[in-house]
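Presented below is the structure to which this report refers.
Each value in this text was obtained by applying a stated rule to the coordinates, not by laboratory testing. Note that the coordinates shown come from a computational prediction; the quantities given were computed from them, not determined experimentally. Positions of Cβ are backbone-derived with ideal geometry, glycine not excepted, and every protein chain shown enters the neighbour counts.
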Amino acid sequence: MSTNETQAPRQNVLEVQELSKSFTVSAGGGSRQLKALDGISLSVGKGETLGLVGESGCGKSTLARTLMMLETPDDGTVRFDGQDPFALKGKELLAWRRRVQMVFQDPFASLNARMSAGQIISEPFATHKDLYRGSAARSKRLNVLLDLVGLRSTDAYKTPQEFSGGQRQRIGIARALALDPDLLILDEPVSALDLSVQAQVLNLLNELQQQLGVSYIFISHDLSVVRHVTDRVAVMYLGRIIETGVTEDVFDRPLHPYTAALMSASPKLDPAMRPAKRIVLAGELPSPLDPPSGCRFRTRCWKAEDICASRRPDAAGPAADGSISLGMPAIGPAERAHMAECHFPISSPAEAGLVPAG
Amino acid sequence: MMEVLDPQTREAATAEAVLAVTGLDVDIRTPTGTVRVVGNVSFTAYQGQTLALLGESGCGKSMTAKAIAGLLDPVASVAGGTVRLEGRDLNAMTPRQRREVAGPGLGIVFQDALTALNPVYTVGSQLGEAFRIHRGMNKKQARAQAIELMRRVGIPEPEVRVSAYPHQFSGGMRQRILIAMAVALGPRLLIADEPTTALDVTVQAQIMALLRRLREEEDMAVVLITHDLAVVAEEADDVCIMYAGNVVESGPVATVFSSPTHPYTKGLLESVPTHARRGDDLSSIPGSPPELKSIPSGCVYQDRCPMAAAICRQERPELRPTGANQFSACHFSESLRAGATATPAADSVASPETPSTLQEETR
């Protein structure tokens with residue numbers, strides 16, 4: 001795959017290996033384990049956008065929260081610029097927290113209605129006191145941030161209610177950028193916005209990345225948006241990444257039946273892009289409290305056979321030299337490889353139902 | 001010479017008009033005065049077809065649906081126009097007459113299935129309510145009907161699930177229950193207000209397939225309210241595009257999407273990330289929709305329109321024919337039609353022989 005070789009190896013900002021997280025939930029008198037993350041491995045390069053795709057309940061948000069250190073993982077390692085953030089304490093931890101920031105989905109709920117836009121954007125300075133000392137430095141930084149996200153300096157005095165949804169999301173982005181982070185976790189950043197405004201915010205995120213070199217983890221259920229803004233994509237199902245690769249590879253030649261079904265099920269504006277035959281999956285996401293044995297997707301998969309129930313599939317995918325490589329590598333040059341966890345991967349775009357009618 | 005048909009009389013020969021909305025106005029009373037949230041909206045929905053009301057949040061599409069169904073909040077009221085269901089004007093009826101006609105004749109599905117269902121009653125009793133009220137059935141008969149309905153909309157083990165409460169169902173199953181409730185009495189018109197917005201994409205595909213099947217089985221007219229252009233492109237026959245309470249363009253989906261004759265339609269279509277490549281700027285519409293209390297006189301879209309001229313500030317354009325069954329409220333629709341080439345080739349709907357070049361271009 002040419003896309004793998006032409007890219008110069010870039011430095012990773014974030015490397016995650018075999019991350020697991022369970023929650024204890026009370027169910028029917030007893031308590032049970034809900035495995036929200038079950039061995040997640042991924043990496044994000046400097047200035048790169050990794051897309052995270054999956055249906056509700058697949059563990060996307062738990063992953064985001066764990067990377068923000070809002071949850072403690074049960075198992076696995078997180079390396080941020082080579083450092084384990086969970087080993088940090090005190091001042092070091094505070095210094096680390098500045099480097100990973102988050103933009104939330106709902107621009108109406110995530111901004112305090114009693115604060116002005118300027119106060120909201122400047123609030124991080126109160127926690128991270130060493131970064132911008134003195135009111136002059138802070139107001140200078142505030143103006144830089146407002147300018148970065150396309151707001152006027154007079155907007156700093158307005159409250160969130162005076163802004164439209166798109167402008168509010170700009171405030172949320174400015175707040176996330178206030179401390180000059182290395183990684184932004186964007187949790188459905190445009191799904192609450194109207195289409196005409198959505199494009200404005202996506203363009204802004206793109207400009208900011210080129211200007212600041214910040215990395216993004218872009219969580220979204222909108223596949224057309226993911227295709228447009230991400231370099232690589234990871235598809236999650238019931239707490240596992242079931243397929244990963246360079247965005248174009250995954251979209252044009254999906255290997256996992258679930259990925260193919262997602263692509264096939266998403267409505268297309270252009271009739272010429274519509275599949276000849278739409279894959280409509282039966283059923284819904286099984287309860288993560290009681291995930292299926294073997295392959296977790298088998299209960300909804302049209303290709304499932306006996307082995308899918310008895311053995312969890314290894315990751316496999318076509319390697320650059322045409323051979324089949326095994327294992328889901330997150331680190332090293334192979335991290336750009338296109339891999340899926342499936343006993344019977346999709347062999348062609350035609351099988352995935354992605355060849356247009358005609 | 002093409003004869004342009006009035007939307008009301010169109011296709012009268014082939015499909016029967018089930019719902020005809022003419023000049024509908026809806027006002028909301030606020031502490032600072034009355035605000036017109038729906039202005040002069042007209043459209044017709046035909047038997048066995050889907051009409052989409054497309055627009056962004058606050059454009060008045062849901063308010064239009066509520067006005068048709070007679071479910072407006074107390075602060076809102078219909079200020080003018082007619083809503084005819086199979087020829088009978090619902091707005092001219094007494095509440096009692098309206099219940100008798102629209103109760104069985106008009107079904108509505110809301111976006112949020114959890115808030116639309118009552119949490120303290122079983123789904124069976126909520127599904128059976130329509131049969132008890134309108135068909136005079138007893139509890140046992142109504143329950144049997146509820147089970148049958150649940151089977152029709154694809155809920156597994158309906159005999160058991162009929163006694164379950166709404167919170168015991170998943171989002172997709174709740175939406176199926178709402179749909180079952182809406183089609184219980186065999187309505188002529190089904191209004192679906194963002195029926196899949198809260199659902200995951202694989203479940204969305206299931207629900208859309210269910211709505212399509214029911215539309216065919218019942219030969220109903222469907223009014224689909226959505227903000228999703230791709231859903232409209234796949235599901236609807238006709239589309240009405242609304243902006244700031246007004247219809248700005250309407251017509252057959254294939255025509256409107258392939259050659260839009262309103263700058264807002266054009267802007268929307270270009271905002272969808274389709275063939276754009278990673279890193280390319282998406283074209284976007286500058287600004288955001290106007291506040292309903294400060295809709296400009298003249299054209300509602302003037303503040304964001306790249307073509308706005310002096311006349312757009314002075315005079316509100318009327319919906320005028322711009323093509324076969326296509327209507328646009330723009331002073332410059334003719335020049336748009338002349339230059340309309342930029343958007344996806346929706347005409348390939350008609351020709352299955354389209355070469356698959358698009359697939360190649362994306363590689």
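Sequence-ordered 3J(HN,Hα) estimates for segment A:307-316 from the Karplus curve with 6.51, -1.76 and 1.60 and θ = phi - 60° stand at 4, 5, 7, 9, 9, 6, x, 7, 6, 8 Hz, glycine and proline given as x. Per-residue shielding of A:40-50, expressed as the average number of other chain Cβ atoms within 10 Å of the residue Cβ, stands at 0.
Taking segment B:185-201 and a reference point 7 angstrom along Cα→Cβ of B:M93, the backbone N atoms nearer than 16 Å belong to B:185-191.
Out of all DSSP beta bridges in chain A, what portion is antiparallel? Express it as a percent rounded to 5. List each step's numbers first, then the result.
Working: 33 of 50 bridges.
Once the DSSP bridges in chain A are tallied, antiparallel ones form about 65 percent.
In terms of Cα atoms, the Rg and Dmax of the protein assembly as shown work out to 26.7, 80 Å.
A Förster radius of 60 Å combined with the Cβ-Cβ distance from A:D147 to B:V160 puts the calculated FRET efficiency at roughly 0.50.
With both partners inside the protein assembly as shown, how many of the DSSP beta bridges are antiparallel, as a percent to the nearest 5? Expressed as a percentage, antiparallel bridges in the protein assembly as shown total about 65.
Rounded to the nearest 10 degrees, the inclination of helix B:201-218 to the longest alpha-carbon principal axis of chain B is 80 degrees. Placing pseudo-labels 7 Å out from each Cα toward the beta carbon at A:R278 and A:Q119 gives an inter-label distance of 4.9 nm. Using the rule -39500 (n - 2.57) for each DSSP H run of four or more residues, divided by the residues of chain A, the 222 nm mean residue ellipticity is -8500 deg cm²/dmol. For A:S41, nonlocal amide neighbours, meaning residues 5 or more places apart or on other chains whose placed amide H falls under 5 Å from its own, are A:E18, A:L19, A:I241. For the listed peptides A:126-135, A:215-224, a ranking on the average number of other beta carbons within 10 Å per residue, highest first, reads A:215-224, A:126-135.
Counting, for every residue in B:263-274, the Cβ atoms of other protein chains within 10 Å of its Cβ and taking the mean gives 4. Take each peptide in B:225-232, B:65-72, count the other Cβ atoms within 10 Å of every residue, and average; sorted highest first, the result is B:225-232, B:65-72.
Label-to-label distance for B:K293 and B:E129 is 3.4 nm, based on points extended 7 Å past Cα in the beta-carbon direction.
If R0 equals 30 Å, the separation of the Cβ atoms of B:S283 and B:S57 corresponds to a calculated FRET efficiency of about 0.90.
Under 5 Å from the amide H of B:E86 lie the amide H atoms of B:L19, B:A20, each residue being 5 or more positions distant or on a separate chain, with H modelled from the backbone and absent for Pro and chain starts.
Peptide A:257-267 is shielded by partner chain Cβ atoms: per residue, an average of 4 of them sit within 10 Å of its Cβ.
Shape class for segment A:12-251: prolate, because the ratio a/c of the largest to smallest gyration tensor axis (alpha-carbon atoms, square roots of eigenvalues) is 1.5 or more and a/b beats b/c.
Suppose R0 equals 25 Å; then what is the FRET efficiency for A:M68 and A:T159 from their Cβ-Cβ distance, rounded to the nearest 0.05? My answer for the efficiency is 0.40. Close amide H partners of A:V103, meaning residues 5 or more places away or on another chain with modelled amide H under 5 Å apart, are A:I185, A:L186, A:D187. Rounded to the nearest Hz, the phi-derived 3J(HN,Hα) couplings of segment A:213-226 under the Karplus curve 6.51 cos²θ - 1.76 cosθ + 1.60 (θ = phi - 60°) are x, 7, 8, 10, 10, 10, 8, 7, 9, 8, 5, 5, 5, 4, where x marks glycine and proline. Annotation: lysines with alpha-carbon distance below 17 angstrom to A:K91 (same-chain offsets under eight excluded): A:K129.
The phi torsions of segment B:142-148, fed into the Karplus equation with coefficients 6.51, -1.76 and 1.60 and a -60° offset, translate into couplings of 5, 5, 4, 5, 4, 4, 4 Hz, rounded to whole numbers, with Gly and Pro shown as x.
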